[in-house]
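Please read the structure below before turning to the comments.
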Amino acid sequence: MSLQISCEKEIKQVEAPVSTSYVDSLYRQAEQLKDASKIDAAIHTNYRAIRLIKNRTDSTYSKILRQRIILFGRKRPLDSALDYSNKLLSVYQKSKDTFGIADAMYLKGFYFNKSNQKDSALFNAYQSVELYKQLKDSSKVYSRSRLLTLILQTIGNYEEAELTAIESLNYLKDKPENAEEFSGIYNDIGNFSKTRGNFNEALYWYNKALELTDIKQYQNNVKNNIALVQMELNNFNIAFDIFTELREDSIYNFSNDLRYKSRILSNWAFAKSKLNHPDAESYLLEALEMRKQKNIAYRLNGSYIRLAEHYADRSDPKASNMAKLAYETAKTYNNPDDQLDALSVLIETAEKPREYAILYRDLSDSIYSVRERSKNHYAKIKYDVERNRQENKNLKANAIIQELQVSKIKSRIIILLLIFMITIGGFYLLYRYQKRRHLQEKEIATYQAELYISKKVHDEIANDVFNLLTRTQNDDFDPEFKPFLLSAIDKLYRKTRNIARDFSDIPVGIEFEDTLKDLLTNYSNKDTQIINKGVQGIQWETISENKQRALYRTLQELLINMKKHSQASLIMINFKMEGSRLVVSYSDNGIGASKENLANGHGIKNMEQRLKTVRGKIIYEDHLDRPGTKATITIPS
C-alpha cells in the first residue's frame, strides 16, 4: 500500500533532463516486472520513467503513458486506467495524430467494456474502427472490430455483431498464415447465428471454421459447438456421437483443466439424458462436482439448468429445486438470459408457477427495452460519426471560401460574380434539364429496344431454332453426325432463350421485392453464397418503376461480373434508406479489379449510364488493402 502511495505523490522538484535510452531502460524493466506479474513494482518503475519526461509530448512519452494504462488495467477498479487513457487521447489530439487517437479510443473502449460501462465502450470502440478505416489500416480495422463485435454481442445486438464480424473479413488478407484468424471469425458468426435461432446457418459457419484450424483444442471447441446445435435440432444421436468423441480424446483424458473437462462431461451427459440413458444423472452430478471445485458462477449455472431439464423431462420434483439454484446463481452474475432459462423451467415444474411467470414476463420486457435502447444508441453513434465527418468537411470548405472572400473579393466584384454565376447557373440548369430529359428518353428507348429484341429473339429466332431442332430429330441423318447436330442446335436454342429472358420485361411495382430475391437466388449456389440484408425493409412502392429497373440492371451486371471474373464465394448486399436516398452496398471476397479496369468495362459503363438517367450513381472503393470488390449504389427515392 505504501508503495502505491509513493508512486502517486506529486514531485515538486524537476530532475535534470535525462537521455531517451535511460527512459527506455525503465520501460523495459517495467515490462519484465509486468510479465512476472509484479504489477505494483512495474507501476513504480513506470512512474520513475514518466516523471522524468512528464513535460514532453513526443512518442517516448506516449509509449510510457500507454504502458501505464496497461499496468493499471491489471488492477481493480479500472478508474486509473480510464483516466490515463483520457490523458493519452488528449496528447494525441493536441498533436493531431490520427493513428494515436484511434489507438487511445480503442483502449478506452476496452477498459470501459471491462468495467461494464457498455454505452461508453460501444462509442469508443466504434470510433476507433471508423478512424482505422479512414486511415486504410486493414489489420487494425480487423483486430479492433473484434472488440466492437464482442460489445455488440454482450448487449444483445446480435444482428449488428454478425454484420460487423462478416465485414471485418474483408480487411483480413486471405493468406495461409491467417487461416486461424478466419476460423475464429467463422466460429463467432456461427455463435451469433445459433443465438438468433438460425441453426442450419450456424452449422455452415462452424464447418467452415473447422476446415481452417489445425489446433486440436480449437477443433474440439468448434466440434462442441456443432454438437450443441445438433441438440437444438433434436439430433441427439449425432450430438452424442460428437460428445463421445470429445470425451475419448487425449486432450480430455490428460487435461488438468477442470473447466474444459466439466463442460464436455456435462454436454455428453445431457445428450445421454435426451436419449434416456439410465446413467445420465450420475454423470451430470459428476460434472457439477467438478465445477464446484472452481466455483465459477456461470459454469455452475450450466450444470444446474442441465439437471433441472433432466429432472423435468422425467417429472421429478427435484427439477424445481435445481431450477431455483440456477436462477439464484444467474442473478449473482447478472445474466438475464440465464435467468429466463431457469424461470421457464420453474414455470413448468413449480407447484405455484404464477410468481415465476410474472418474474419471467417482467424480466423479458426489461431485456427487450434495454436491448432496444442499446440498438437505438448504436444507431445514433453511427449517425453522429457520419454527421460529424460531413460537418468537418463542410467546415474546411467554408474556411477556404471565407479566406478567399476576405483576401481577394471586393463587394462590387462579388455582386458582378453573383450575377454572372446566376446567369451561368441558369444556362447550366437548362442544359442539365435537357440532358436529363434526353437520357430518360434514351433509357425508355433502350428499354423498349430490349423488349423488342427479347420478343423477336423469342418469337422468331428461338421458334425457328426449335422447329429446326424438331425437324432434325424426325429426319434421317448420318447416325454419327445426328447427335452432334442435335446437341449444337439445342445449345443454340438455350442461348436464344437466355438472351430473351435477360432482356425481357422486369416485374416492377409491388412485385419488385420478389423480383430482386429471384435475381439473387439465380446467382447463388453451393460455391457462391449471397447474403442480403434489408431488402424486406424497403418500401418499394415509393421507388419509381424506372429507378427499380435501373437498380435491377445494375445489380444484374455486378453479379454477372462476379460470375465471370471475381471467383467470389461470399457476397453481401445491404439495402437501406438514408433519408430520401436508397443506398445499396455490394461487397464480395473475390479477386477484385482496379478502378481503371472497372472504368474501361462496357458493362460498367452501361450501369453508370442507366443510373445517370434516374439521378443515381455507383462508387467503387479501392481494394488495395483488402481482397474483393466493394461498390455503393445511391438512388434518390
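The values are calculated or read from the model by the stated rules, or taken from the named source; none is laboratory data. Note that the structure is a prediction, hence the values are computed from the model and not measured. When we count neighbours, we look across all protein chains shown, and the Cβ atoms used for this are built from the backbone with ideal geometry, even at glycine. What goes into the accessible areas is simple: the full protein's heavy atoms, side chains included, and nothing from ligands, DNA or RNA. Shrake-Rupley method; radii C 1.70, N 1.55, O 1.52, S 1.80 Å.
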- Query: Scanning for something in contact with an Asp or Glu (Cβ under 6 Å, 6 or more places away or on another chain) and open to solvent by less than 20 Å² (accessible area, probe 1.4 Å), does region 138-158 turn up at least one residue?
  - Reply: yes
- By residue number, the members of region 526-561 that are part of a helix (DSSP H, G or I) and either basic (Lys, Arg) or touching an Asp or Glu at 6+ places or on another chain (Cβ under 6 Å) (or both) are Trp540, Lys547, Arg549, Arg553
- Task: Please work out which residue is least open to solvent (accessible area, probe 1.4 Å), limiting yourself to region 186-228 and to residues that are acidic (Asp, Glu) and part of a helix (DSSP H, G or I).
- Result: Asp188
- Query: Going by the conditions given, is Asp79 closer than 25 Å to Leu33 by Cα, at pLDDT 90 or above and surrounded by fewer than 13 Cβ atoms within 10 Å (Cβ to Cβ)?
  - Reply: yes
- Counting only residues that are open to solvent by less than 70 Å² (accessible area, probe 1.4 Å), in contact (Cβ under 8 Å) with a residue 24 or more places away in the chain and in a helix (DSSP H, G or I), region 231-245 contains a total of 6
- Task: Go through region 118-185 and tell me which helices (runs of 4 or more DSSP H), entirely inside it, have 3 or more residues that are among the basic types (Lys, Arg).
- Result: 138-154
- Have a look at Leu163, Leu88, Leu122 and point out the one that is open to solvent by 10 Å² or more (accessible area, probe 1.4 Å), hydrophobic (A, V, I, L, M, F, W, C) and in contact (Cβ under 8 Å) with a residue 24 or more places away in the chain. Leu163
- Query: Which of the residues spanning region 328-348 are of a type outside the set (Val, Ile, Thr), over 32 Å from the mean Cα position of the chain (by Cα) and open to solvent by 30 Å² or more (accessible area, probe 1.4 Å)?
  - Reply: Glu328, Glu348
- Taking the condition closer than 24 Å to Ala297 by Cα and among the aliphatic types (A, V, I, L, M), does Ala227 pass? yes
- Query: For the subset of region 504-521 comprising residues that are without any contact (Cβ under 8 Å) to a residue 12 or more places away in the chain and not charged (D, E, K, R), which member is farthest from Glu201 (Cα to Cα)?
  - Reply: Pro507
- Contacts under 6 angstrom Cβ, first residue in region 604-617 being of a type outside the set (Lys, Arg), partner at pLDDT below 85, 6 or more apart: Ile604/Leu598; Thr613/Leu439; Thr613/Gln440; Thr613/Glu443
- Item | In region 54-82, the residues that are over 26 Å from Tyr22 (Cα atoms) and part of a helix (DSSP H, G or I) | Asp79, Leu82
- Selection over region 546-577 where residues are more than 30 Å from Ala379 (Cα to Cα) and open to solvent by 50 Å² or more (accessible area, probe 1.4 Å) yields a count of 5
- Message: Going by what's in this entry, would Asp257 be described as open to solvent by 20 Å² or more (accessible area, probe 1.4 Å) and closer than 30 Å to Asp174 by Cα?
- Response: no
- Message: Can you find a residue that is under 25 Å from Leu275 (Cα atoms) and among the β-branched types (Val, Ile, Thr) anywhere in region 330-347?
- Response: yes
- Starting from residues that are out of contact with any His (no Cβ under 6 Å at 6 or more places or on another chain) and hydroxyl-bearing (Ser, Thr, Tyr), keep the ones in region 258-309 and report whichever is farthest from Leu346 (Cα to Cα). Tyr260
- Task: Hey, can you tell me all the residues within region 53-112 that are within 27 Å of the chain's Cα centre (by Cα) and among the polar types (S, T, N, Q)?
- Result: Ser85, Thr98
- Message: So, in region 1-44, exactly how many residues are open to solvent by 80 Å² or more (accessible area, probe 1.4 Å) and either among the acidic types (Asp, Glu) or modelled with pLDDT under 50 (or both)?
- Response: 11
- Message: Being surrounded by fewer than 20 Cβ atoms within 10 Å (Cβ to Cβ), of a type in the set (Ser, Thr, Tyr) and assigned to a helix (DSSP H, G or I) is true for just one of Tyr311, Tyr368, Tyr304. Which residue is that?
- Response: Tyr368
- Message: Quick check on region 249-266. Is at least one of its residues under 31 Å from the mean Cα position of the chain (by Cα), part of a helix (DSSP H, G or I) and aliphatic (A, V, I, L, M)?
- Response: yes
- Does Lys533 satisfy the criteria of being basic (Lys, Arg), open to solvent by 40 Å² or more (accessible area, probe 1.4 Å) and on the phi < 0 side of the Ramachandran plot? no
- Task: Just need a number here: residues in region 98-143 that are acidic (Asp, Glu) and over 25 Å from Tyr61 (Cα atoms).
- Result: 2
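Residues are listed down the side, and each one gets a yes or a no for (1) open to solvent by less than 30 Å² (accessible area, probe 1.4 Å); (2) touching a residue at least 12 places away in the same chain (Cβ under 8 Å):
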position	(1), (2)
Arg263	no, yes
Asn267	yes, yes
Pro278	no, no
Glu281	no, yes
Ala287	yes, yes
Lys294	no, yes
